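Please read the structure below before turning to the comments.
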Amino acid sequence: MQGTCGKVRGPALCNGSDSGIGSALRAFRRSAVSRAGLARGMEQMALTRRDFLKSAAVASICGAVLPAAARAVERAHAERPVFALPDLDPAHDGLRVAQLSDLHVGDRTRPDTIRDAIARANSFAPDLVVLTGDYLCRERSGIGLMRDLLGGLAAPTVAVLGNHDHWVDARGAARALTAHGYAVLRNQNTTLTLRGAPFTVVGIDDLLTGHARPREALTGAARGSRLVLAHGPRTADQLKKLGQPLLCLSGHTHGGQINVPGLTQFMLRTIAHEPYARGLFRLGAVQLYVNRGVGNSALRIRFNSDPEVTLAVLRRAGQAS
Ligand SMILES: [Fe+2]
């Protein structure tokens with residue numbers, strides 16, 4: 001095992017939008033501290049003032065009229081992507097990996113939503129659980145909530161941190177996770193024994209806050225069955241340069257959270273600089289999967305972007321059907 005890991009519950013073992021349009025708008029407002037700066041920023045993004053105001057108006061209307069619809073989808077939706085991996089050990093063909101992301105404990109995410117998501121993950125009977133960052137929201141009191149709400153995952157569990165965790169208290173968040181028996185990887189890797197064969201998890205720290213070091217995280221990582229965790233989807237741009245076949249599971253975007261088809265993708269891409277909003281992407285030899293997350297950080301509501309619990313099924317390339 002590389003690096004420092006806590007013990008892992010189970011048999012073997014151890015980048016800002018807070019996403020959502022509201023968050024993107026706030027980030028945009030913070031970054032444009034003067035009228036001249038605002039104009040320059042908008043010019044650079046090739047986004048006219050009229051376009052921007054139209055987008056903001058639509059987002060505001062959605063936020064005002066859609067909370068009732070959003071409440072109806074707070075139960076996490078199960079996604080079951082299948083990934084074909086060329087280097088997967090035969091023993092791991094069909095391996096089940098549950099992913100939870102962006103739990104965001106605090107007043108913007110209902111505790112029942114978090115508890116339900118953990119129960120859903122356990123219901124998958126996974127071989128491995130991975131947590132891809134942003135457990136906290138904005139308050140240090142979230143550390144206590146992490147201790148209260150995030151326990152109970154029944155398989156070996158490995159985690160990485162997200163931008164909110166760094167903004168609030170990265171050490172505290174890591175300690176709360178290890179107290180539950182979950183491993184926390186910060187530009188490290190660890191090898192577990194799953195189904196009798198070695199399986200390496202590579203954990204890259206958060207990109208948005210400047211902590212991501214992919215090469216360091218991969219140092220000494222065994223070949224064969226491997227999985228990369230990184231909160232920020234754009235970490236995959238760096239992984240692509242390594243030229244290795246890798247599967248990277250990420251989160252961070254909340255799938256846009258207020259997902260107005262076309263508009264949200266446009267705003268994520270041009271304002272938040274997050275081109276990978278949700279689902280599967282291929283970047284050279286790298287497969288990137290972006291989970292919509294469980295919780296909320298900026299707005300308390302979601303629209304057309306259900307909370308997600310993922311069951312990733314790993315298949316040997318050539319075996320997937
Ligand atoms: Fe994030």
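Every number here is computed from the coordinates shown, using simple stated rules; none is lab data. All values reported here derive from a predicted model rather than from experimental measurement. Neighbour counts are summed over all protein chains in view; Cβ atoms, including those assigned to glycine, are modelled from backbone coordinates with ideal geometry.
Protection proxy ranking of 266-272, 169-175, 247-253, by the mean of other Cβ atoms within 10 Å over each peptide's residues and highest first, is 247-253, 266-272, 169-175.
Residues in the range 100-110 carry Karplus couplings, in order, of 10, 9, 6, 6, 6, 4, x, 6, 9, 10, 5 Hz; the curve used is 6.51 cos²θ - 1.76 cosθ + 1.60 with θ = phi - 60°, and Gly or Pro positions show x. For the range 73-186, the mean projected area of the C-alpha convex hull, equal to one quarter of the hull surface, is 7.5 nm².
Going 7 Å from the Cα of residue 77 in the Cα-to-Cβ direction, what parts of the range 291-321 have a backbone nitrogen less than 17 Å from that spot? Correct set: 291-296, 301-312.
Looking at the range 72-208, the DSSP beta bridges with both ends there are about 40 percent antiparallel.
Taking amide H atoms as placed 1.01 Å from N in the peptide plane, the amide H of residue 78 lies under 5 Å from those of 309, each 5 or more residues away in sequence or on another chain.
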